[in-house]
Amino acid sequence: MGKALIIGAGGVASVAVHKCVQNSEVFEEICIASRTKSKCDELKAKLDGGKTKITTAQVDADNVDELIALINEVKPDIVMNLALPYQDLTIMDACLATKTHYMDTANYEPEDTAKFEYKWQWEYRERFEKAGITALLGSGFDPGVTGVFSAYALKHYFDEIEYIDILDCNGGDHGYPFATNFNPEINIREVSANGRYWENGEWIETEPMEIKRVYNFAEVGEKDMYLLYHEELESLAENIPGLKRIRFFMTFGQSYLTHLKALENVGMTSIEPIEFEGKQIIPLQFLKAVLPDPASLGPRTVGKTNIGCIFRGKKDGKDKTYYVYNVCDHQECFKEVGSQAISYTTGVPAMIGAAMILTGKWNKAGVYNIEQFDPDPFMEELNKWGLPWVEDFNPVLVDDEPAKKKE
Ligand code: NDP
């Protein structure tokens, strides 16, 4: 049916490539292109020989001309951006120049400012519309499936959604005192930033990890979770009409937080360049180099993730609550594709999002967040490709007590 150019060959891309190959009816051909070509070749060597034709290429995705040349050579129907958020705009520029559909899993963030916002990518709306191509933003799990869950809840169960709490629980244990489950630089930038949530049309800012709640997750158990800013809050606050509040919580263990605090206190999480032995280095990038590679965590991680959304609102004038979530087992993922659940829960929706566009199920020109499309075909595919979802019509709610400060 179609051809995809996949940019990036890290944890998420590896899962997406496995899944594209499993879905060879849709992905007849893929080209894996990244900065380090040997990683693309390794993936090809592992998965070659099936129905999907696989090629590889080297590309610097910070360079628009290189990207345009590659797209012109490969002639893909869609570019799947599974590199880093810093490359979103250059890849979007190259897609515009070649009139090729685009998708990603994380919104643009300038490398020198830890501030992720959709404004840069939303500025491309008119240009994509005029070019007759689609940009699908945020087709991972969160953002991604959380937006699909929201669109699904609104379509099937609510006249109006008033409150959304997104709960991201990782009950996995990799046995290291400190490691991050995906790209350490992106992960640490996200969790060391101030928290933020949206209420009654306003953003309310908190100190990092200031608001803590405890929640008992199905198949995982009781966990501490902390309010973070997460990028889908921005698009969902805009796209879910009548919304009064949206928050995002992520679980962290005490060991992770203690290490992070110490690293912060000594300046290791800073993105300000410093002089070291006659060279400019960025402490956070140096820290990334000494931490375990997230891809190496797969064999040693046990336990499950549970990520989902609790909705409160009105149906036929009555109060209604609804919780929809997915539980994913780290070891099961590793057995299937050689990666832990964090990469798995992102790589599967990346493949599904691209498939929605390639099959024409999602077909509108412009730049769209995932909740702006019909959720039904995506929900079906989640069940089919390894991320089944569970519904609970009487969930325990996250308590609404005034913000509880971290002890
Ligand atoms: P990794 O660091 O494992 O992989 C990133 C890949 O991109 C590497 O192969 C890297 O190449 C490549 N890359 C980086 N810069 C360039 C460049 N300039 N040109 C070409 N290739 C480049 O990251 P992950 O796989 O963990 O994450 C991928 C994306 O997924 C990120 O944007 C992340 O934010 C997002 N994500 C989204 C989630 C969601 O639920 N929505 C959850 C988790 C992640 P090299 O090997 O040479 O370093």
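Any idea what the relative contact order of the chain is, in percent, if you count C-alpha pairs under 8 Å spaced at least 6 apart?
On the way: 880 pairs, mean separation 83.9, N = 407.
With pairs under 8 Å counted, the relative contact order is 21 percent.
Which FRET efficiency value, to the nearest 0.05, do you get for HIS156 and VAL302 by plugging their Cβ-Cβ distance into 1/(1 + (r/R0)^6) with R0 = 35 Å? Don't skip to the answer; put the middle values down first.
Values: r = 35 Å, r/R0 = 1.00.
About 0.50, to the nearest 0.05.
ASN265 to ASP319: extension gain in nm, 0.36 nm per residue of separation minus the Cα-Cα distance? Intermediate results must be reported in sequence, preceding the final value.
Numbers: separation 54, 0.36 × 54 = 19.44 nm, distance 4.57 nm.
Net length gain for the segment: 14.9 nm.
Roughly how many percent of the accessible protein surface of the chain is carbon and sulfur, given a 1.4 Å probe and a whole-percent answer?
Values: 8080 of 16910 Å².
Here it works out to 48 percent.
How many nm separate the modelled label positions at GLU123 and ALA97, each set 7 Å beyond the Cα in the direction of the Cβ?
The modelled label-to-label distance comes out at 1.8 nm.
What lysines could a cross-link reach from LYS223, if we take a straight Cα to Cα line under 20 Å and drop same-chain neighbours fewer than 8 places away?
By straight Cα distance, LYS223 reaches LYS212, LYS261, LYS304, LYS404, LYS405, LYS406.
Mind ordering 130-143, 372-385 by average Cβ neighbours within 10 Å, highest first?
Values: 130-143: 23.7, 372-385: 17.3.
Descending packing order for the listed peptides: 130-143, 372-385.
If R0 is 22 Å, what FRET efficiency do you get for ASN363 and ASN72 from their C-beta distance, rounded to 0.05? List each step's numbers first, then the result.
Numbers: r = 24 Å, r/R0 = 1.07.
For R0 = 22 Å, the calculated efficiency reads 0.40.
Output ³J(HN,Hα) for the stretch 207-213: one whole-Hz value per residue in order, computed from phi by the Karplus curve 6.51 cos²θ - 1.76 cosθ + 1.60 with θ = phi - 60°, and x for Gly and Pro.
Running phi through 6.51 cos²θ - 1.76 cosθ + 1.60 with θ = phi - 60° gives 5, x, 6, 6, 9, 10, 9 Hz.
Can you give me the Cα centroid spacing of the stretch 321-395 and the stretch 117-192 in angstrom?
11 Å
Calculated from DSSP H runs of 4 or more alone, at -39500 (n - 2.57) each and per residue, what is the 222 nm mean residue ellipticity of the chain, nearest 500?
-10000 deg cm²/dmol
Starting at the first residue of the stretch 264-281, write each ³J(HN,Hα) from the Karplus equation 6.51 cos²θ - 1.76 cosθ + 1.60 with θ = phi - 60°, in whole Hz, x for Gly and Pro.
My calculation for the stretch 264-281 gives 5, 4, 8, x, 6, 9, 6, 9, 7, x, 10, 8, 9, 6, x, 10, 7, 10 Hz in order.
Using 7 Å Cα-to-Cβ label points, what is the ASN63/SER24 separation (nm, one decimal)?
Once both label points are built, they end up 3.4 nm from each other.
Relative to a virtual label point 7 Å from the Cα of THR113 in the Cα→beta-carbon direction, which members of the stretch 171-209 show backbone nitrogen distances below 20 Å?
186-197, 203-206, 208
Find the accessible area per residue for the chain; the probe is 1.4 Å, ligands and nucleic acids are left out, and the unit is Å². Could the numbers behind the result be given before it?
On the way: 16910 Å² over 407 residues.
I get 42 Å² per residue for the chain.
At most 14 other Cβ atoms within 10 Å and a DSSP loop assignment: could you name the trypsin sites (Lys or Arg not before Pro) in the stretch 220-285 that fit?
Qualifying residues, ordered by number: none.
The values are calculated or read from the model by the stated rules, or taken from the named source; none is laboratory data. Just so you know, these numbers come straight off a predicted model, no measurement behind them. Positions of Cβ are generated from backbone atoms using ideal geometry, with glycine treated the same way; all protein chains shown enter the neighbour counts. Note: accessible area is taken over every heavy atom of the protein model, side chains too, but ligands, DNA and RNA are not part of it. Shrake-Rupley method; radii C 1.70, N 1.55, O 1.52, S 1.80 Å.
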